[in-house]
Structures are given as C-alpha cells and as structure tokens.
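Chemist: My questions all concern the structure below.
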Amino acid sequence: MVEIVLKKGKEKAALQRHPWVFSGALEKVKGKPENGEVVKVSAFDHEFLAYGYFNSNSRVAVRLLEWDETQIIDKKWYENRLKQAIASRQSILSEETNTCRLVFSEADFLPGLIVDKYADFLSLQILSSGIESVKNDIVEILKAELQPKGIFDKSDATARTHEGLPVENGLLWGENPPEFLEVKENGIAYHINIAEGQKSGFYCDQRDNRKILASYTKGKKVLDCFSYSGGFSLNSLASEAASITSVDSSGLAVDTLKQNVSLNKFDPAKVTAIQSDVNKQLRVFKESGELFDVIVLDPPKYAPSRSALDRAARAYKDLNRLGMLLLEKGGLLATFSCSGAVDIETFKQIIAWAALDAGKEVQIIKQFCQPEDHPVRISFSEGEYLKGLLLRVL
C-alpha cells in the first residue's frame, strides 16, 4: 500500500479524527497512487495515523476513513459500515415516514457517499473518487441489504468536478423511478422527481423543522419562500393555516407543490403558488404593503466555501431584512442557512445586522438543526451545515 507522509506537526487533525488531509500537509508520497486508491497516512516519523482515499486533483488530498491499522478496507469493510449506518436510521422509518437519509458521507465514515431512501427506491450521490472506485460494490451491498426496486445515481453536484469526476444522473440498477414518485414524511404525501429534482430529489433534512414550525401556523397567514416541493407549506396546511403563499423560482417546483396540495386533499383555495425570484417577489410584497403572520426563508447555499462568506453574509442580511419588514408586529420568521461555512454564531450576527437595518427588535424563540439521519461527528464540525432560527419580530 502506498504511504503518504505528512509534514512535521501536521498530524494533529488526523490524530483528532478529522477526516480531511489537505494537500499542503503532505511531505512525501511514497509511490504513485491512483486517484481514489486507499493509502496509508503516516506522521512525519512514519507512525501510522489512518487509511484514506487519495486524490491528486483535490485540495483535500486524502479523505480518511479508518484509524484502526488492523482493518482491511475490502468489500466486507464497506458492508459493515453500510449496515451500521442503515441500522441507525430504522427508528425514523414507519408507515408515516418512508423517506430518510441512510448514509451521510463523513458522518457515517464513508466520505463522499450519500444514500437517500425514497419509498422503495434509493438515490445515491457519489462525491469522492474513492467511493467512485467501489461504486459497484456499494450497489451490490445496498441491493442485498434493502431490496430496493431501483438505485438511481444523482451524482451531479459540482463537488465531483473538484475530484476530477464527471457528473452522472441516471439509473444504476433496477427500475427507473416514476416521474413523480410518492413518498411520505410525517404522514404527509409528496410527489418527488428524483431525476430532475434538486440535489438527491427531496430535502429530508428539514423533516423535524417542518413539523416544529407547523405547530405555530394554525389560523395564520404564511409565506413560504424557496418552497421547492412544499415541505413547510404542506405541514402548515395540515396544521390548519389560514392561507399559504409559496414562492420558488423553479416552474417544476411550483407545479410539484400544486400536485402535492391535491395529493393530500388540502384546500387549493388556501394556496397561492408563485414562480418568481424570491428577492424580487419580497420587494413586490413590500411595495404593495402586504404583510404575513409567519414567514419561512429557506434559501439555497449562499456560501459554498469560506471565500464566499462576505458575499453570502450580505445576501442573507438583505433577505432577512426584507422578511422582517413583511411581518405583522409580533410575527414569526423561520430563517435557515444550509451553508457549512456559516456557523450558528455568524448566522446570529447576520440576523442582528438585518434587524438593525430593518429597525426591528427581534427575539430568538427556538433554534433549528439537522435531524438524526444527518448526524454530526464530534471531530468534524463541517458536517453541521443546517442551522435555523425561529424569531419573533417586534
């Protein structure tokens, strides 16, 4: 096995079980490993640190996956890791919920692998060259463990280009999922489109937060921004919200939301679905003087990396300032960030700036976080990407 030797003093992160080794930490590569090959990582004095996937194309030169030197990284090793991850999600699945994340990359010691369950289908995102090299084994293990109808490859994220991998979006095994696959989450039915939908097909990371927020929406006038397939909208309808206005820039998302309203037999007269840029639409509401009781702001990732943090902070501040201005006095703002580069304290500071600019007093009444199928390793804070605040705006 090829040995990667780190520079003197660069072993601390690996010893603390952080799964990334950056290219600048490498002293010597003893051999010519292929991208995706499992290598041994050693300290400057050649003391064993961990095994990991090597990639010369990435800033993260090695993604660590095993710290026990006696382990053999073979198909059985992957089988054990996958079984462990799948078993830990069984308490989530029920007649009320048949969709969740089964494997969450570094959090489940499988860096670069995301597996989502949607009813009887699986959606995979393969984001590292190491997982790409064992893709066939992964598929065989998932088939044996879960007996899905089909396994779909949704590896179309830009992260693959950083690994020198082409994007993929197609069937890996079994049946193609139907154009609109029905799944259930907390008793609410959704039609999702795995092939054409965002990310892996559905945002199951907001499962708990949708249910929590819905408890505040009975009899309320709700604005759901970046509504996608309608998670917050549908949960609010189930909790007897007075009206819902849903805004998304995607025509497919708006059409899917309307289908989901019908699928659950909710009153379509309560729902106004608007295809528009959210920031533009918020300004339209402001100019018309329209106000809401509850507003949800769940934007896409504004800060894909720390280098984009300043620009993202300005975008978050402007978005939240507009949201605050559209609330009735004492109204609630549920605001989220899915940018890993924005930690919760930074996010709170951005919200404070937004409140100052809006001339509003704001109280934090609840914090939102990731659900249990998106666990965070204590040694890998980067995995804690989703954070949110429920604010009372006075």
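Chemist: Of Ala13, Ala43, which residue is closer than 19 Å to Pro111 by Cβ, surrounded by 12 or more Cβ atoms within 10 Å (Cβ to Cβ) and of a type in the set (Gly, Ala, Ser)?
Modeler: Ala13
Chemist: Of the numbered conditions (1) out of contact with any Phe, Trp or Tyr (no Cβ under 8 Å at 6 or more places or on another chain); (2) in the same structural domain as Leu297 (by TED's automatic domain parsing), Gly187 fails exactly one; give the number of that condition.
Modeler: Unmet condition: (2).
Chemist: Further, regarding this structure: Any idea how many residues of the stretch 56-71 are touching a His at 6+ places or on another chain (Cβ under 9 Å) and under 15 Å from Ser133 (Cβ atoms)?
Modeler: Adding up the residues that qualify gives 2.
Chemist: Scan Leu93, Leu110 and give me the residue that is touching a helix residue (DSSP H, G or I) at 6+ places or on another chain (Cβ under 8 Å) and either over 28 Å from Lys40 (Cβ atoms) or assigned by TED's automatic domain parsing to the domain that holds Asn136 (or both).
Modeler: One residue alone meets the criteria, Leu110.
Chemist: Kindly indicate whether Thr256 is buried (at least 19 other Cβ atoms within 10 Å of the Cβ) and assigned to a loop (DSSP other than H, G, I, E, B).
Modeler: Here the answer is no, as Thr256 does not meet what is asked.
Chemist: Being buried (at least 19 other Cβ atoms within 10 Å of the Cβ), touching a Lys or Arg at 6+ places or on another chain (Cβ under 6 Å) and either farther than 18 Å from Thr335 by Cβ or assigned by TED's automatic domain parsing to the domain that holds Leu389 (or both) is the requirement here; does Phe202 meet it?
Modeler: When the stated conditions are applied, Phe202 does not pass them.
Chemist: Separate question: For residues in the stretch 218-241 being in contact with an Asp or Glu (Cβ under 8 Å, 6 or more places away or on another chain) and part of a loop (DSSP other than H, G, I, E, B), which is nearest to Ile194 (Cα to Cα)?
Modeler: If we take residues in the stretch 218-241 being in contact with an Asp or Glu (Cβ under 8 Å, 6 or more places away or on another chain) and part of a loop (DSSP other than H, G, I, E, B), then Tyr228 is nearest to Ile194 (Cα to Cα).
Chemist: Here's something else I'd like to know. Say we look at the stretch 16-40 and pick out the residues that are closer than 15 Å to Ser129 by Cα and of a type in the set (Asp, Glu); which of these is surrounded by the fewest Cβ atoms within 10 Å (Cβ to Cβ)?
Modeler: Among those residues, the one meeting the criterion is Glu34.
Chemist: Would you mind listing the helices (runs of 4 or more DSSP H) fully within the stretch 277-359 where at least 3 residues are closer than 18 Å to Asp248 by Cβ?
Modeler: 278-288, 309-325
Chemist: Residues being free of Cβ contacts under 8 Å to residues at least 40 places away in the same chain and either in contact with a helix residue (DSSP H, G or I) (Cβ under 9 Å, 6 or more places away or on another chain) or surrounded by 20 or more Cβ atoms within 10 Å (Cβ to Cβ) (or both): count how many of those fall in the stretch 151-169.
Modeler: 7
Chemist: Residues in the stretch 218-227: is at least one in contact with a Cys (Cβ under 7 Å, 6 or more places away or on another chain) and either outside the structural domain of Lys301 (by TED's automatic domain parsing) or buried (at least 20 other Cβ atoms within 10 Å of the Cβ) (or both)?
Modeler: Among the residues of the stretch 218-227, not one is in contact with a Cys (Cβ under 7 Å, 6 or more places away or on another chain) and either outside the structural domain of Lys301 (by TED's automatic domain parsing) or buried (at least 20 other Cβ atoms within 10 Å of the Cβ) (or both), which makes the answer no.
Residue-wise test of (1) in contact with a strand residue (DSSP E or B) (Cβ under 7 Å, 6 or more places away or on another chain); (2) buried (at least 23 other Cβ atoms within 10 Å of the Cβ).
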{"position": "Lys75", "(1), (2)": "no, no"}
{"position": "Glu79", "(1), (2)": "no, no"}
{"position": "Ser88", "(1), (2)": "no, no"}
{"position": "Leu93", "(1), (2)": "yes, no"}
{"position": "Thr99", "(1), (2)": "yes, yes"}
{"position": "Leu113", "(1), (2)": "yes, yes"}
{"position": "Asp116", "(1), (2)": "yes, yes"}
{"position": "Leu122", "(1), (2)": "yes, yes"}
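Chemist: Any idea which residue in the stretch 344-358 is nearest to the chain's Cα centre (by Cα), counting only those that are closer than 26 Å to Gly383 by Cβ and crowded, with 16+ Cβ neighbours inside 10 Å?
Modeler: So, considering only residues that are closer than 26 Å to Gly383 by Cβ and crowded, with 16+ Cβ neighbours inside 10 Å, the one nearest to the chain's Cα centre (by Cα) is Phe347.
The values are calculated or read from the model by the stated rules, or taken from the named source; none is laboratory data. Note that the structure is predicted; figures quoted are calculated from it, not measured. Neighbour counts run over all protein chains shown; Cβ positions are idealised from the backbone, glycine included.
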